[in-house]
Amino acid sequence: MDCLFCAIIKGEIPSTKVYEDEYCYAFLDINPQAPVHCLVVPKEHIASADAISCDNAEAVAKIFTAIPKIAAKLGLTNGYRIVSNIGDDGCQSVKHLHFHILGGKKLSENMA
Ligand code: AMP
Ligand code: ZN
């Protein structure tokens, strides 16, 4: 399978690592849309949030326990936003589940 984020996790494509544990890998987005823009991905390939099931939910739960640590590491003491795009209408460009962590300023109230 040809997956950009699987290649990043394996170190085949360089990235700026922010955090890593047994379940997830976090790195800076190459095209930041906020002063702080980080991506968190499960090490296991899951196509999108629409493919979350009882079989892979543990990896997702682990990501959400890592996110506060990642946010603290990024200095996001005043809040942040988590976004996950799904499919064509959601404008998902990489088909490996990822959560955008956006912050470092007061974000737009408009989400769509
Ligand atoms: P999405 O559009 O929700 O699928 O998000 C994919 C994100 O991956 C975009 O914000 C891209 O800027 C980001 N991205 C694409 N290639 C890379 C890369 N090589 N390193 C870091 N981020 C990337
Ligand atoms: Zn993948």
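Overview of results
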read-out: Whole-Hz couplings from phi, Karplus 6.51/-1.76/1.60, listed for region 2-15; x for Gly and Pro; value: 9, 10, 4, 6, 4, 5, 5, 4, 6, x, 6, 10, x, 8
read-out: Per residue accessible area in Å² of region 12-102, where ligands, DNA and RNA are left out and the probe is 1.4 Å; value: 56
read-out: Net dipole in debye of region 4-103 [+1 Lys, Arg Cβ; -1 Asp, Glu Cβ; about Cα centre; nearest 20]; value: 380
read-out: Kirkwood Rh and Cα Rg combined as Rg/Rh, region 34-112; value: 0.97
read-out: Using alpha-carbon coordinates, inclination of helix 57-73 to the longest axis of the chain, degrees; value: 30
read-out: Total formal charge among the other residues, if their Cβ is under 10 angstrom from that of L102, Lys/Arg +1 and Asp/Glu -1; value: +1
read-out: Sum of side-chain charges, Y19 neighbourhood, beta-carbon under 11 Å (Lys, Arg +1; Asp, Glu -1); value: +1
read-out: The chain - mean residue ellipticity at 222 nm from DSSP helices (-39,500 (n - 2.57) per run, n ≥ 4, rounded to 500); value: -6500 deg cm²/dmol
read-out: Proximal aspartates and glutamates to K10, defined as alpha-carbon separation beneath 14 angstrom and excluding residues fewer than eight positions away on the same chain; value: D2, E20, D21, E22, E44
read-out: Environment charge of K62, counting only residues whose C-beta is closer than 13 Å and scoring Lys/Arg +1, Asp/Glu -1; value: -3
read-out: Links that overshoot a 21 Å alpha carbon limit, given the list K43/K69; K73/K95; K17/K69; K43/K106; value: K73/K95; K43/K106
read-out: Accessible carbon and sulfur surface of the chain relative to its total accessible area, %, 1.4 Å; value: 51
read-out: Stretch gain in nm, segment E20-C91, where the contour uses 0.36 nm per residue and the Cα spacing is subtracted; value: 23.0 nm
read-out: Unmatched cysteines, the chain - criterion: no other Cβ of a Cys under 4.7 angstrom; value: C24, C38, C54, C91
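The values are calculated or read from the model by the stated rules, or taken from the named source; none is laboratory data. What you see is a predicted model, and the numbers here were worked out from it, not measured in a lab. In this analysis, Cβ positions are derived from the backbone assuming ideal geometry, glycine residues included, and neighbour counts consider all displayed protein chains. When the accessible area is computed, the model is the full protein with side chains, heavy atoms only, and any ligands, DNA or RNA have been set aside. Shrake-Rupley method; radii C 1.70, N 1.55, O 1.52, S 1.80 Å.
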